[in-house]
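Undergrad: Structure incoming, see below.
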Amino acid sequence: MKNNNKIIAANWKMNGSEELMKEFSQLTRSKHNDIIICPPFTLLDSAKTLLPNFIKIGAQNCSEEEKGAFTGEISASMLQEKSVSHVLIGHSERRRLFQETDDLIFKKVEAAIKSKLTPIVCIGETLSEKEANKTLQVLDSQITGSLAKIEPNKQVIVAYEPVWAIGTGLTPDENEIKETHLYIKTKLNQHFNTDIPILYGGSANSENCSQIISIDNVGGLLVGGASLKKHDFNAICNC
Ligand code: PEP
């Protein structure tokens, strides 16, 4: 059965505190959107204790390895033990700052699925790629590189995040979002036989969320900056 709920995912990045988590314990839900909060690893325990039950807990990254001599890394199975249900993979900051390639992202997606986590795989073009009219080409190669070898019956979530829209206050216009989401949907449908939600991410906030979320093939939002303010995030969760 098709699930018409929208997914609202919060990416706290390297931000947040026990105090903030306590504030977020007061989040309310008036609509039936699925809410996922991805705090830093160190706040996963407090997320479990403090957040209301309707909120799912996500992580921001996982290792492609299962265990062993990988100092500083955290495996998908360790996250699963912490009641994590989702994990962001291939965020543009990880691609750019930590040199994550589509091949590595594919391995992380596989590791997440093996540990029964739902990966939220981030894709999106940079400003120079957009200006060179390469957006669809970039999306095509990121999807092929990170998802084409995943079994077609697996459940994943894709987040389309134009890199130039992240943290800048800029968003694509409605037609651009429509075009990219349709392109991604069509490409995913050629491979997967499950319905893959496609989130939009990049400067989503409490003012633009209702409009963005109503665009065809937008399955929800991935929210960075605005997910750190309780009032704003609460409004987005209920948009
Ligand atoms: C993000 O980094 O995933 C993101 C969407 O950030 P922001 O909402 O701040 O643009």
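Undergrad: When you scan region 1-36, how many residues do you find that are of a type in the set (A, V, I, L, M), within 16 Å of the ligand (Cβ to nearest atom) and touching a helix residue (DSSP H, G or I) at 6+ places or on another chain (Cβ under 6 Å)? I'd like the intermediate steps shown before the answer.
TA: Let us first name the residues in region 1-36 that are of a type in the set (A, V, I, L, M), namely 1, 7-10, 14, 20-21, 27, 35-36.
Filter once more, so that each one left must be within 16 Å of the ligand (Cβ to nearest atom): 7-10, 14, 20, 35-36.
Remaining after also requiring touching a helix residue (DSSP H, G or I) at 6+ places or on another chain (Cβ under 6 Å): 8, 10, 35.
So the answer is 3.
Undergrad: Now for a separate question. Could you tell me whether any residue of region 24-34 is surrounded by 14 or more Cβ atoms within 10 Å (Cβ to Cβ), aromatic (F, W, Y) and in contact (Cβ under 8 Å) with a residue 40 or more places away in the chain?
TA: yes
Undergrad: Next up: Please state which of the following conditions I36 fails to meet, knowing it meets all the rest: (1) within 19 Å of G201 (Cβ to Cβ); (2) assigned to a helix (DSSP H, G or I).
TA: (2)
Undergrad: Quick one: which of V138, V121 is outside any strand (DSSP E or B), out of contact with any Lys or Arg (no Cβ under 6 Å at 6 or more places or on another chain) and touching a residue at least 12 places away in the same chain (Cβ under 8 Å)? I'd like the intermediate steps shown before the answer.
TA: Details: V121 fails: outside any strand (DSSP E or B).
After ruling out the rest, the residue left standing is V138.
Undergrad: Of the numbered conditions (1) within 27 Å of W164 (Cα to Cα); (2) β-branched (V, I, T); (3) out of contact with any strand residue (DSSP E or B) (no Cβ under 7 Å at 6 or more places or on another chain), I37 fails exactly one; give the number of that condition.
TA: For I37, the exception is condition (3).
Undergrad: Are there helices (runs of 4 or more DSSP H) fully within region 146-239 with at least 3 residues that are more than 21 Å from G58 (Cβ to Cβ) and more than 10 Å from the ligand (Cβ to nearest atom)? List them. Full working, then the answer.
TA: On the way: elements: 174-191, 209-213, 230-237.
Passing ranges, in order: 174-191.
None of the figures in this text is laboratory data; all of them are computed from the coordinates on show. Please read all numbers here as calculations on a predicted model, not as lab measurements. FYI the Cβ positions are ideal-geometry reconstructions off the backbone, even for glycines, and counts take in every protein chain you see.
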